[in-house]
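Step one of this worksheet: look at the structure below.
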Amino acid sequence: MSTTTTTVAETETALLKLTLAYDEQIHEQYKYAAYLPVYDEKTHFPALQPFEFNDRGLVANKEKPNLLPKDNPEVKSSKLTPVIGTEIRGLQLSQLNDLQKDELALLIAERGVVIFRDQDFKDVGVEKQKEFGRYFGPLHIHPVGAHVKDNLELHNIYLGPDNEYRNKRRAKRLTSTGYHSDVSYEHQPPGITILTLLSVPPTGGDTAWASQTAAYARLSPPIQALLEGLRAEHSGFPQAEGAQRDGHFVRRDPIKSEHPIVRVHPATGQKALFINPGFTKRIVGLTDEESEALLKLLFTHISLGQDFQVRVRWEEGTVALWDNRVTAHTAISDYNVHNPQEGLRHGFRITTLGDRPTGVNGLTSIWE
Ligand SMILES: O=C(O)CCC(=O)C(=O)O
Ligand SMILES: [Fe+2]
């Protein structure tokens with residue numbers, strides 16, 4: 001990765017140390033240069049504090065007459081698969097009113113992921129983008145990731161010839177894919193994530209989601225019953241240690257949480273598996289061998305279940321919104337960043353924090 005460190009005068013007394021995670025010369029003419037990845041290497045954040053979460057889906061009209069009116073042929077909604085994923089055309093996220101946003105929150109919870117095509121969202125400016133996200137929950141600031149300059153709530157998605165950070169970290173693996181639920185180690189982990197791509201490669205760079213509701217439902221009743229009584233540990237430590245090893249600044253100290261393995265969604269009441277290969281390390285109360293065997297079974301189940309997954313191809317103007325409580329997802333980094341024909345893939349993620357996970361029979365998340 002070629003990076004430069006610039007010291008920018010923030011105020012007359014404080015200095016902001018900013019590392020650019022891209023090469024300025026490559027992107028001189030780029031329309032979204034202001035969204036390229038940087039690292040603020042000075043601002044340290046305290047631990048996130050508990051907050052009361054109000055799921056917008058709870059007050060939504062289940063029929064969704066405002067979001068998906070039956071008498072408006074302009075608004076086209078279609079299921080991408082029977083199990084997971086809905087695609088919407090003919091609506092602008094940037095113009096939704098509150099009733100529509102409430103119904104959208106419920107739709108995302110029900111369908112796992114909702115794909116909006118032909119959006120102007122990438123051009124409405126950072127303030128409007130953040131305001132839209134905040135409707136669904138407080139915005140998460142990633143503890144280690146690159147972000148958009150002056151906007152730590154905009155987590156950066158960029159792989160290019162001048163930034164191979166993510167590729168390099170996975171160089172020793174057979175595949176770069178890895179299913180996860182965003183920062184699930186947080187005590188109140190994310191509900192809805194909003195991913196906007198600013199540049200889309202002509203082919204490749206899809207994203208895939210797996211339905212954790214379906215993954216749970218497929219399990220046999222004895223295994224479901226076993227898992228419903230258990231919690232698993234989700235850890236932010238390996239991510240922070242990896243970042244530190246690579247010379248990156250850790251802006252919030254890493255934490256762990258013990259979340260119920262079967263989570264009940266507050267708005268739909270549906271049960272979903274809440275473990276993922278990205279951040280779940282062990283099942284609490286089991287021996288190491290039992291925990292490893294059971295997690296291996298579940299991770300394989302999630303990763304191989306093509307019949308409860310959806311893979312989405314990005315288009316110019318696509319925005320994806322998913323519910324981390326009922327899905328796992330993975331980037332598919334199959335394009336060659338050194339081949340200009342394979343193009344540039346760049347975007348930003350707005351991640352909204354959600355409820356303290358609740359499982360079956362009142363089992364809740366705990367932490368030290
Ligand atoms: O780049 C992608 O397709 C997804 C990356 C990701 O995991 C995220 O934005 O949370
Ligand atoms: Fe993610």
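Quick note: the coordinates plus some simple rules give every number you see, no bench work behind them. This structure is a prediction, so every number in the text was calculated from the model and none was measured. Cβ sites come from the backbone with ideal geometry, for glycine too, and all protein chains shown count toward neighbours.
Over segment 170-253, what is the relative contact order in whole percent, taking alpha-carbon pairs under 8 Å and six or more residues apart? Before the final figure, lay out the partial values.
Values: 21 pairs, mean separation 24.9, N = 84.
Relative contact order for segment 170-253 comes out at 30 percent.
Would you be so kind as to identify which of N54, P357, A214 lies farthest towards the positive end of the dipole of the chain, taking Lys and Arg as +1 and Asp and Glu as -1 on Cβ and the Cα centre as origin?
Going by the charge dipole, the pick is A214.
Based on other C-beta atoms within 10 Å, arrange H259, H187, H329, H301 from fewest to most.
Details: H259 30, H187 20, H329 26, H301 16.
Listed from fewest to most nearby Cβ atoms, that is H301, H187, H329, H259.
Roughly how many debye, to the nearest 20, is the charge dipole of the chain about its Cα centre, given +1 on each Lys and Arg Cβ, -1 on each Asp and Glu Cβ, and no other charges?
On the way: 41 positive and 47 negative charges, 145 e Å.
With only Lys, Arg, Asp and Glu charged at Cβ, the dipole is about 700 debye.
When we measure straight from the Cα of K281, which lysines land under 16 angstrom away, once same-chain ones fewer than 8 places off are left out?
K256, K296
Can you give me the relative contact order of the chain as a percent, contacts being Cα pairs under 8 Å and 6 or more apart? List each step's numbers first, then the result.
Details: 802 pairs, mean separation 97.0, N = 368.
Value for the chain: 26 percent.
If you build a Gaussian network model of the chain, linking Cα atoms that sit under 10 Å apart, which residue out of T193, T352, T300 swings the most?
The residue that fluctuates most here is T300.
May I ask you to list the lysines whose Cα is less than 21 Å away from that of K130, ignoring any residue fewer than eight positions away on the same chain?
K31, K101, K122, K149
Counting other beta carbons within 10 Å of each Cβ, put L91, L363 in order, fewest first.
Lowest count first: L363, L91.
Expressed as a whole number of Å, what is the distance separating the alpha-carbon centroids of segment 106-183 and segment 53-94?
Result: 21 Å between the Cα centres.
At a Cα cut-off below 19 Å, give the aspartates and glutamates reachable from K62, other chains included and same-chain residues fewer than 8 away excluded.
Within the straight-line limit of under 19 Å, K62 reaches these aspartates and glutamates: D71, E87, D98, D102, E103, E110, D323.
Going by amide H atoms built from the backbone, whose H comes under 5 Å of the H on T364, apart from near neighbours?
G359
Sorted from largest down, what three extents in whole angstroms do the Cα atoms of segment 27-132 have along their principal axes?
The Cα atoms of segment 27-132 stretch 51, 42, 27 Å along the principal axes, largest first.
Hey, in the GNM for the chain with a 10 angstrom Cα cutoff, which one of D71, D355, D182 fluctuates hardest?
Maximum among the listed residues: D71.
Run the numbers on segment 93-215 and let me know its relative contact order in percent, using alpha-carbon pairs under 8 Å that are six or more apart.
21 percent
Ignoring everything except DSSP H segments at least 4 long, calculate the 222 nm mean residue ellipticity for the chain; use -39,500 (n - 2.57) per segment, divide by total residues, nearest 500. Could the numbers behind the result be given before it?
Numbers: 7 runs with 69 residues, N = 368.
The helix-only estimate for the chain comes to -5500 deg cm²/dmol at 222 nm.
For segment 37-42, just list the computed ³J(HN,Hα) in residue order, Karplus coefficients 6.51, -1.76 and 1.60, θ = phi - 60°, integers in Hz, with x standing in for Gly and Pro.
Each residue of segment 37-42 in turn: x, 9, 10, 6, 9, 10 Hz.
Just the number: Rg to Rh for the chain, Cα atoms, Kirkwood Rh, two decimals.
Values: Rg = 20.2 Å, Rh = 21.2 Å.
Rounded to two decimals, Rg/Rh equals 0.95.
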